[in-house]
Structures are given as structure tokens and as C-alpha cells.
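One structure is given below, encoded as C-alpha cells.
Just so it is clear, none of the values below were taken in a lab; they were calculated from the coordinates. No experiment lies behind these values; they were computed from the predicted model shown. Don't worry about glycine lacking a Cβ; one is built from the backbone with ideal geometry, like all the others, and counts go over all protein chains shown.
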Amino acid sequence: MIASLPRSAWLRTATVLYVAAFLIFLFLPLVTVAVFAFNNAPYPAPPWRGFTFDWFVGNQSSGRVGLFHDSELLGSIWTSVVVASWVTALSLAVGTANAFLMERFRFPGRQALSVLMLTPLVIPGVILGISILSLMSRIAEFADAEFALDLDFLRPGLPLVVLGQFSYIATIATLMISARLKRFDRTLEEAALNLGASHAAVLRTITFPYLFTISVTPSMTELASPLLYLTSTIAIFLNPCTFLMSCLVVAIFFNASSVAFSLGPSAKINSADSLASPFLAKAWSVLRV
């Protein structure tokens, strides 16, 4: 539908109602659980028992530690920030390079390579995580046995978590930047080159500013990836180790699991729902018990 064409009143009303219903469906669960993070109750669910900051600042008399006094959780948040920063930088760099490769060059096997790059989107996260863990562990064992090299960064730990998130998010960045680059008018670059600008200057002043707006969306996804992609993170850690509780999403999962088993079936539903949101208040409303 062309936006400039006149539309009937019922169509405009239906469009507004649809958008409003969609936004309510999307954000109402997040707002609800975030509000119940301030509920003066041992679990984030109705009924409302009063407003309190205890789950954030703590209360020794009631045995509530509080978010800002939980060193383990705060450490996991910082670890997730580190992972997110690395994933964002790597995904944007590789995604941009992939987009230029697919849109600006023609070579044998280009279509097959393009399809192959999409496979991380259809592979379940737990399978992807276990595959990365298995491959890197075998490489580390081979290097240790044949060359006496101790490649600890290839064993379960934060570098593999970054690699696991990167393998998925880089695909999203590639798709979005490729779509933007496909609509770019290359005559602008040709005009700048004819006026004497270098290729680097053209990229810096014309192409990259055009791609900047679309790069914000994958960047937000990449920054949230350590909070969202639970299965690949746990699969990469797989075995109990000192890193296991260092990422926020893993800490949320295990704390939520303990809450669910201690409070019964209804708490399991609340705990599972809480894993869907990256908001800190929502996460802490599950972790606080």
C-alpha cells in the first residue's frame, strides 16, 4: 500500500488498532513482570503485597540480599557486558565485510556461500553450541598432543561464548547490512571517485554513513545476545566449571530453576517467562528468592 494514497476511515482505524494490539502484546508482559519486581512478596506474581525496594537495595531484617549487594550477580552482569562488546564489534565488522562480498562481487559459488551463511539461523542454539565446543576441544587436544601447545582459549570459557554468540549474530548483521547495501545508489560513489576522492574517502564519507542507520538494529541485538541466547551459552559451557555462573543469562537460568523447584508449578511458569526479557528488573525479580 502506498502511504500517500487516501485511505478510508475504517482502514485507518483498523491499522491503529492492530498496531496498538501488537505493541500491547509485545510489551505488556515485560512491563508487568518489571512492576512486580517491586512487589513485597517472595515471588514475582500476584497478588500485590505492597511496594518495596528490598529486592534492589536489600533488607537484613527480612533476609533479602538485594541486587546491588549481590556480588555474584553484579559480576555476571559485567561479564555479559564484556561478551556483548566483543560480539558487537566482531559481528559488525564481519557482517559488513560479508555484505560487501555478497553484493559487490561476483564469483563461482557465491549463491552456495550465501545459503551456507544462513545455516546458523536454522540450527538450534544447543546444537550450535555443542558443535562449537566439540570442534574447539578437539583442536585444543590435538595441539596439546602433537605440538605440546596449551590452547586454553579453545576450551570451555568466555572466548567460546563470544564465538558462539558471534556465529549467530554475524548472520543477522550480514542480512540486514546486505539489504541496505543493495538499495544503495552506487552512482554516488562513482561521482565522488570521478571528482578525485580515494576509495577510502568514499567509504568513510558516503557508504558507511549510509549503512550506519541500519547497523544500529543488529548492534542492539548483539548487545543483548549474552542475555537472550541461553541454550548456546549453556551448551558451550556444558560441564560445571568456574565460568558457569559468570554470564548473566546462565545465572538467571540456574537461579530461576531453583526458584521453580522450590515454589511449585506456578513459579516454573513465572521463571520461564522471566527468561524471555533482558530487562534487569525482570531478571532480578526471579533471582531475588
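Amide H contacts under 5 Å for Arg64: Asn59, restricted to partners 5 or more places along the chain or on a different chain, H placed in the peptide plane at 1.01 Å from N. Taking a Cβ cut-off of under 13 Å around Leu149, the surrounding Lys, Arg, Asp and Glu residues balance to a net charge of -4, with basic ones at +1 and acidic ones at -1. The fewest-to-most ranking of Tyr210, Tyr18, Tyr168 by surrounding Cβ atoms within 10 Å reads Tyr18, Tyr210, Tyr168.
Put simply, when 20-29, 85-94 are sorted by average Cβ atoms within 10 angstrom per residue, most first, you get 85-94, 20-29.
Against the empirical 2.2 N^0.38 Å scaling, what ratio does the C-alpha Rg of the stretch 112-221 come to?
1.50
Restricting the calculation to Cα atoms, the stretch 1-83 yields a radius of gyration followed by a Dmax of 21.2, 65 Å.
Scalar couplings 3J(HN,Hα) for the stretch 100-115, obtained by applying the Karplus form with A = 6.51, B = -1.76, C = 1.60 to θ = phi - 60°, are 5, 5, 7, 9, 9, 10, 10, 8, x, x, 5, 5, 5, 5, 5, 5 Hz; x denotes Gly and Pro. Each 5 Å bin from zero holds the following percent of Cα-Cα pairs in the stretch 49-98: 5, 18, 15, 13, 11, 10, 9, 8, 6, 4, 2, 0. Loop-located trypsin sites (Lys or Arg not before Pro) in the stretch 1-106 (DSSP state not H, G, I, E or B) with no more than 11 neighbouring Cβ atoms inside 10 Å: Arg49, Arg106.
In the stretch 151-219, which trypsin sites (Lys or Arg not before Pro) are in a loop and have at most 13 other Cβ atoms within 10 Å, using DSSP for the loop call?
Details: sites: Arg180, Lys182, Arg183, Arg186, Arg204; in loops: Arg183, Arg186.
Here the sparse-neighbourhood loop sites are Arg183, Arg186.
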